[in-house]
Structures are given as structure tokens and as C-alpha cells.
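To keep things clear, I will list the structure first and then write my remarks on it.
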Amino acid sequence: MDILQVENLTKKFGLYKAVNNITFSLKEGEILGILGPNGAGKTTTIQMLLGVLTPTSGEISYFGKSLHQHKEEILEQVNFSSTYTKLPDNLTVLENLTFISYLYDIKNRKERITKLVDLFNLSNLMHLQGSDLSAGQMTRLNLAKAFINYPKVLLLDEPTASLDPDVADFIRKFLLEEQKKFQVSIIITSHNMAEVEEVCDRVIFIDQGRIIANDTPEGLAKTIDTSHVELLVKDGLKRTVEFCHEKGMEYEIKGRYIVIDTKEEDIPVLLYGLMEKGVYYDEIAIEKPTLEDYFLQVVKQKHEGSSD
Amino acid sequence: MFIMKHSLNRWSDMIYWPILDLLIWGLTIKYVTAFSSEPQKMIASFIVGMLLWTFVWRAQYEVSVSILEDLWSRNLINLFVSPLTFWEFISAFIIIGILKAGVGFVIASSVAFVLYKVNMFVLGFYLVPFVVLLFMTGWLVGFFVGGLILRYGTKVEQFAWSMVYLISPFSAIYYPLSILPNWAQIVAKFIPTSYIFEGSREVIEKGILDPKKILYCFILNCIYMVLAIFFMRKSFDKILQKGLVKVY
């Protein structure tokens, strides 16, 4: 069942089209990643989904109801967190969560706040003001705020940016747990491709305001046919480089390692060719294409396009 | 000098406040020297005027500075991604304004009684419509300033403190309207608060009040209130066109 439906959504700022006629949906319990280079239209899309930016045209509906016509009813079941917004600096963690809780129809306020404070490891910060929190602590507070109303749909803009790796890992696991337990539908934007691959069921890729791909992270990665072959060359690095030049393969030397980009079906040709040239290597690692490769390819194509 | 170019605050510090002080206190002194036969009544009208003005100021301040504080703390986005409506947002400021003004009034009027033997209740039941109408004027100025702040951001934050004082010379808080030059008396006819302060002096001096003053003030307040709310709502719609996150 589609919990969110976006149809022909467009946002113009003057003549500039920040979002250009995009259509997508979000299923119940699905985690959808919105990816794209800077300025692609991700944040603009999120803002329109939250009702804090009026679309130029198009329709957004949650739970089968128009956001425009049923805004308050819908926002009761939606929440948001972003690294780029913050809660008031002059309120304590507890005051911030209490004040936010009063914006929603929550029955067990105290219990909910206590649970979230524990979950996001904010218990010892309860009486600290926002101005005394580190960026990571503020991000955790923002996330606790986002879960306060038991949201059915959660919009997260770069939720783990500025967090330590262990905390970011905890957040990802927490999101997956919430999805499983409560069928929370989540839209997430992130520049961390590994994170998107880990948590997202599906990804839409936006570039210049348009959706250019809509697939699973694996599906998008598969559209790239270049694998990375990493070798620790013991003898014959020069000959390896020569071979790459001959075959037109791209490579990068990283200390004692060389990373060669080649199509998956050409890997045997590469290995056989190196053997013929008498190259000896100690270690070999073959990395299949990832979402990051897809992202980099789109950005590369964009730059090539703009320089033509 | 470069800062001056971009800062309304600096210009208002340099020009607005000195001129305003000069106008108000100059006119007040003129009144004192011309009508000093009944000093006790004059003191009463000063103190009462001062206390009544706090209602206008507090009502305006609470609306516009609260919006400004949400803007400074980048809290607007948190508020408007919640089910909070625009009208609930505004109502909260109004309620807080009434509470704060109430507390402030009780304290200030007690101090006025103890120090100057001026009893605010000399106005009798007229105090009720006076306070309600002064609140209305304060709110409408607050809504107008709130609209400006939403539209232009912190560039115009100085209006949050200064805008209401723009009507003070024409409100005749400390002196009667007759002290003002003719052109200013015409302007004062369009300022709702002028009817209240003039009326309060009438009550203190003669113990009666022309009910037309209440009526005119109410009509003007209603007209300006509709315009101010319309302007603020339009400003809010405008920031929704630009995007709250983008603007703040």
C-alpha cells in the first residue's frame, strides 16, 4: 500500500526549476533513499513533502489524503529531522522535547520523552542547554524529536552527518528496527552511499530536479559495469601500468597497491595479461560496482556534459 | 560606515530615537508649562498614560519579538513541520502577551500607588474597554511587524522594538491632542490609541467619557487589525513560496 504518493511535483524559483515534474511513491514500511549531487533538488523535495514549501504544481498525498487539504491531520503522523536545522539553543534537552511534544497529540508525554532520551543516550544531557551540546549531541536530540509523535512517515535529511561512526551505526540499526517493528516508512537523504545501501529498500536518484533513476541500491549499482581490481604488486608495477595503457584500462596507484577499473567480463583478460607479462602480486581483491560508483558516474557525466 | 549601509538598527539608533524623544518630551514640557494649575491631576494623567501605554507596548512586543526569537533560534521549521496552525502560532503569542501584561500591570500600578498615590482604578469601569482596545492596537502593530520580519528576516528586526513608538507622539500619551500642531492632530484622528489616552485624561479630569471615543477607536482597530492580519498571512504564504529552511 502506498503511504505517500507524489505526482508531477514541480517547484520553480523564478525561471529556475529546482524540482521538475517528479513522480514517486513510498510504501508502508519502506525506506526510500533520495540521492543526488548538491543542488539536485533533494532538500526542496523534502521541504515540499513537509508542507513548508509550496509546490508550483503537482500533488502530494499521504494516506490517500491531499497534503494541501489535510495538512494538520497528516503532519500529526509525520516527522522530520535534519542536520541542517536545530532546536532552540536557549532551552534544555528536556525543555526542547517537552515543548515539541505539546505540538502533537501524544497521550503519554513523560514516558515517551523518557524512552527517547534513553534510546538516544541523552539521559545525562537532559539539563544542558542546546548551546552546550556538540553537533553530534544536537543531531541525536533532533532524531529523538523526530520520533516523539510515533510517526508513520519519517523524513530524514542527512540524519547521521556529524555523528561518530559508532553512533551513526546505532542510528542505522535503530531505523531498521523501527521499520520492522512499527512499519514506519522513511525517506532519507544522505551523502553516505554505504549507509543508503545498508538501510534503503529503494533509491531514487535526482539530478537537475528530475528523477533519473528509481531502483533498489543493488539495481542502480548493477547499471555500472566497471569493477575495481585491487592488487598488491610484488614485482612488475611498471609492467602492470603498461598493460593498463595498452588495454585502455583506468588505474590508480595507492601506495603499494594498484586499483584497476575494468568490466567484470574483462577481469580474466586482465589477470591472464598480467601473468603473461610476468607480474607477481601477493594480494588480490575484486570489488563489484557500488552505489557510490553509480553516483560518481552520474556526477562525472554531468561535469562532462557541462564542459562540452 | 559599511555596517551602517546594511543596518537599519544603526540608523534608528542615530536618528529615530533622538527625534522621537525630542517630540514626546518637548510636547510634554509644553503641556506642563501651559497647564500647570492642577499638578496632582497632571501627575495622575502622566502615570496613567505611562501604565496604559505598557499594554500597547507589551502586546506588540510579545507578538513581534516572539516571532523574531523563533527566527533567531531557527525554530520556525520545527513548529511548521508539526500540526501547529498559523492561527495557533499567533494565538500563543496573544495569550502569553495578556498574561505578561497582566502581571506587569499589577506590579507597575502597585508601585505607582505606593510611590505617587496614583490609583489606576480612578478610570473605573472604563479601564476594561481601554485595556482591551489598547491590546488590540498593540497586537495589530505586532502582526504588521511580524509580517515584515517574516518577509524580510532579521534585516528589519529593529522594528520589533521601535515600530510601536512611531504612533506614540500621535497617541498623546502624556499631553492632550490640542498641544499637537494641526497636521499632527489630523494624523492622530487615524491613530486608535489617541482616543484612549485622550479619553483617560477626560475621565481623570471630568469623571466622564464621550462613548464615541471608544467607538472610533474600536472601528479603527478593527480595520487595521484586518489589514495587519492579512499582511502577516500574506508574508507567511510568501515564505512558504521561498521555503522555510531556505529562508532561515
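Just a few scattered comments:
- Residues in the stretch A:214-267 that are free of Cβ contacts under 8 Å to residues at least 24 places away in the same chain and in contact with a helix residue (DSSP H, G or I) (Cβ under 6 Å, 6 or more places away or on another chain): A:251 only.
- Members of the stretch A:102-116 found to be within 27 Å of the chain's Cα centre (by Cα) and surrounded by fewer than 19 Cβ atoms within 10 Å (Cβ to Cβ), listed by number: A:115
- All helices (runs of 4 or more DSSP H) inside the stretch B:77-190 with 1 or more residues being within 14 Å of chain A (Cβ to nearest Cβ), surrounded by fewer than 18 Cβ atoms within 10 Å (Cβ to Cβ) and out of contact with any Ser or Thr (no Cβ under 7 Å at 6 or more places or on another chain): B:86-116
- Taking the stretch B:194-223 as the range and being over 22 Å from residue B:179 (Cα atoms) and surrounded by 20 or more Cβ atoms within 10 Å (Cβ to Cβ) as the test, the residues that pass are B:220, B:221.
- Of residues in the stretch A:156-205 being within 16 Å of residue A:32 (Cβ to Cβ) and among the polar types (S, T, N, Q), the one modelled with the highest pLDDT: A:185
- Positions within the stretch A:75-112 being more than 8 Å from chain B (Cβ to nearest Cβ), touching a Leu at 6+ places or on another chain (Cβ under 8 Å) and over 13 Å from residue B:79 (Cβ atoms), in sequence order: A:81, A:92, A:93, A:97
- Residue within the stretch A:117-139 that is over 24 Å from residue A:176 (Cβ atoms), more than 9 Å from chain B (Cβ to nearest Cβ), within 25 Å of the chain's Cα centre (by Cα) and of a type outside the set (A, V, I, L, M, F, W, C) present: yes
- Condition met for residue A:212 (surrounded by fewer than 19 Cβ atoms within 10 Å (Cβ to Cβ), in the same structural domain as residue A:195 (by TED's automatic domain parsing) and out of contact with any Asp or Glu (no Cβ under 8 Å at 6 or more places or on another chain)): yes
- Wholly enclosed strands (runs of 3 or more DSSP E) of the stretch A:231-308 bearing at least 1 residues among the acidic types (Asp, Glu) and touching a His at 6+ places or on another chain (Cβ under 8 Å): A:257-263, A:280-287
- If you go through the stretch B:196-221 and keep only what is in contact (Cβ under 8 Å) with a residue 60 or more places away in the chain and either assigned to a helix (DSSP H, G or I) or within 20 Å of the chain's Cα centre (by Cα) (or both), you end up with B:196, B:197, B:199, B:200, B:201, B:203, B:204, B:205, B:214, B:217, B:218, B:221.
- Hits in the stretch A:50-70 (condition: within 10 Å of chain B (Cβ to nearest Cβ) and under 18 Å from residue A:2 (Cα atoms)): A:50
- One residue stands out in the stretch B:39-76 among those that are assigned to a helix (DSSP H, G or I) and among the charged types (D, E, K, R): the one that is farthest from the other protein chains (Cβ to nearest Cβ), namely B:41.
- Test: residue in the stretch A:214-222 that is more than 19 Å from residue A:24 (Cβ to Cβ) and touching a Pro at 6+ places or on another chain (Cβ under 9 Å): yes
- Residues (within 8 Å of chain B (Cβ to nearest Cβ) and either modelled with pLDDT of 95 or more or surrounded by fewer than 17 Cβ atoms within 10 Å (Cβ to Cβ) (or both)) located in the stretch A:29-49: none
The values are calculated or read from the model by the stated rules, or taken from the named source; none is laboratory data. Only a predicted model underlies this, so the values are computations on that prediction, with no experimental measurement involved. Here the Cβ is made from the backbone with ideal geometry for all residues, glycine too, and neighbour counts use every protein chain on show.
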